[in-house]
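K.L.:
Here it is, the structure in full.
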Amino acid sequence: MSLSQNPLTGHMHKSMANFVTTVYRGQNVIRAKVFMPRNVNSTAQQLQRASFKLVVDLYESLGGVADESFPKRLVTYSPFNAFMKANLPGAINKTGITPAIDYSKVIVSAGTLPGVIANSAVAGATGITVSYVTNIKLPKVSASDQVIAFALTKTGEMIIARQVRGSDPLSTILLPYPDINVVDVECCYLFVLSDVGNNASNSTFVEIT
């Protein structure tokens, strides 16, 4: 590095050839450019970009469900921001050659509302029937809360059903899809949204048999 202050050139700035010129404490400073720039396409960076794209694609495949399932998000966050923060990197399985979504760890809703407890989910002639405990006797729970169940098929179809929590201790909800087979289902989730939509429960991954 060299220092110079030439009365003809005055304060030097910008770059030329292999040099960058700046002014520091009233003097011209000339630095050589980095010969070999840092690798911006490292394995770790490729993994990060691939993981980010997986979660973005999942958000888009949910068809707007996540737009209402994070009502308690920060005021500076969009539903997309909330979904990405909830699922990166926790929902990514990095044990294989390429990253993949771990659907059992995906968070599709978040809030402080008590949820319901899935007992079973069965794929059959009419669709996917999910049985659950309503938790109706818990504090801050209302019979008018919305129970939302949805599933994604391996071909990208979205199956969704909604119904009120109700006052019975046990209930079922049907995701209509005639003659669906369990091998055709990518993932299934259950969560609760308050009747006015200002709170949600944490989501539950539902295993189908």
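K.L.:
So which residues in the range 168-199 are part of a loop (DSSP other than H, G, I, E, B) and either outside the structural domain of A66 (by TED's automatic domain parsing) or touching a residue at least 60 places away in the same chain (Cβ under 8 Å) (or both), if there are any at all?
P.N.:
Of everything in the range 168-199, those that are part of a loop (DSSP other than H, G, I, E, B) and either outside the structural domain of A66 (by TED's automatic domain parsing) or touching a residue at least 60 places away in the same chain (Cβ under 8 Å) (or both) turn out to be S194, G197, N198, N199.
K.L.:
Let me ask you something else. State yes or no: is V147 in the same structural domain as K53 (by TED's automatic domain parsing), touching a Lys or Arg at 6+ places or on another chain (Cβ under 7 Å) and under 15 Å from S203 (Cα atoms)?
P.N.:
yes
K.L.:
Restricting attention to the range 110-137, and to residues there that are among the polar types (S, T, N, Q) and on the phi < 0 side of the Ramachandran plot, which single residue is surrounded by the most Cβ atoms within 10 Å (Cβ to Cβ)?
P.N.:
Top of the filtered list is T134.
K.L.:
Based on this model, can you work out whether K85 counts as in contact with a Lys or Arg (Cβ under 9 Å, 6 or more places away or on another chain) and either among the aromatic types (F, W, Y) or at pLDDT 95 or above (or both)?
P.N.:
So K85 passes the test.
K.L.:
Find the residue count for the range 168-196, including only residues that are under 24 Å from D57 (Cα atoms) and among the β-branched types (V, I, T).
P.N.:
Total meeting the criteria: 5.
K.L.:
Starting from residues that are β-branched (V, I, T) and either more than 21 Å from A91 (Cβ to Cβ) or modelled with pLDDT under 95 (or both), keep the ones in the range 156-207 and report whichever is surrounded by the most Cβ atoms within 10 Å (Cβ to Cβ).
P.N.:
Residue satisfying both the conditions and the ranking: I180.
K.L.:
Restricting the range 76-104 to residues that are in contact with a strand residue (DSSP E or B) (Cβ under 8 Å, 6 or more places away or on another chain) and under 21 Å from L190 (Cβ atoms), which is surrounded by the fewest Cβ atoms within 10 Å (Cβ to Cβ)?
P.N.:
Only one residue tops the list, namely S104.
The values are calculated or read from the model by the stated rules, or taken from the named source; none is laboratory data. Every value quoted in this text rests on a predicted model; they were computed, and no experiment measured them. Cβ sites come from the backbone with ideal geometry, for glycine too, and all protein chains shown count toward neighbours.
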